[in-house]
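The values are calculated or read from the model by the stated rules, or taken from the named source; none is laboratory data. If you're wondering where the values come from, they're calculated on a predicted model, not measured in any experiment. Ideal geometry is used to build each Cβ from the backbone, glycine not excepted, and the neighbour counts take in all protein chains shown. SASA here: full protein model, heavy atoms, side chains in, ligands and nucleic acids out. Shrake-Rupley method; radii C 1.70, N 1.55, O 1.52, S 1.80 Å.
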Amino acid sequence: MFGFSRKPATHELTPTALQAMLRDDTAIVVDVREPDEFAAGHVPGARNLPLSRFDPASLPAAEGKTLVLSCAGGRRSAMALDRCAAAQVAVDTHLAGGLGAWKAAGLPVEK
């Protein structure tokens with residue numbers, strides 16, 4: 001009501017913005033879908049950390065890069081961002097529209 005419990009801002013990347021960051025080696029993608037979904041196709045180079053056992057402390061070290069969470073459509077990655085905020089882990093970026101948006105943009109998928 002007075003802004004005291006405001007949720008931290010999240011950043012949504014478009015598929016083309018994420019592709020540019022990956023090309024420039026400035027992003028690490030963490031896919032929070034389940035292993036079978038991940039195996040069926042994911043953003044090239046993504047790492048899998050399923051939401052069902054997601055622990056912000058288990059995220060890879062960013063080493064000066066932006067950690068970007070991804071899922072199928074954006075909902076689970078947003079939930080993972082909420083867990084990061086609750087754990088006070090400085091991860092605030094996800095792929096808008098998830099893998100669905102990535103595919104719709106005609107970008108490559110790794111299996």
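Just a few scattered comments:
- Taking the Cα centre of segment 38-90 as origin and assigning +1 to Lys and Arg Cβ atoms and -1 to Asp and Glu Cβ atoms, the resulting dipole is close to 120 debye.
- With Cα atoms, 0 to 90° folded angle of helix 75-86 axis to the chain main axis: 40 degrees
- To put it simply, the accessible area of the chain at a 1.4 Å probe is 53 percent carbon and sulfur.
- Against the criterion of solvent-accessible heavy-atom surface with a 1.4 angstrom probe, K111, K65 sort, most first, into K111, K65.
- Listed peptides 89-99, 73-83 by packing density, highest first (mean Cβ within 10 Å): 89-99, 73-83
- Theoretical ellipticity at 222 nm over the chain - DSSP helices of four or more residues, -39500 (n - 2.57) apiece, nearest 500: -8500 deg cm²/dmol
- Taking all protein chains into account, the per residue accessible area for the chain stands at 56 Å² (1.4 Å probe).
- Relative contact order (%) - the chain, alpha-carbon pairs under 8 angstrom, separation at least six: 34 percent
- The chain - Rg over Rh from alpha carbon coordinates, Kirkwood radius: 0.97
- J(HN,Hα) series, segment 104-109, from Karplus relation 6.51 cos²θ - 1.76 cosθ + 1.60, nearest Hz, glycine and proline x: 4, 7, x, 8, x, 10
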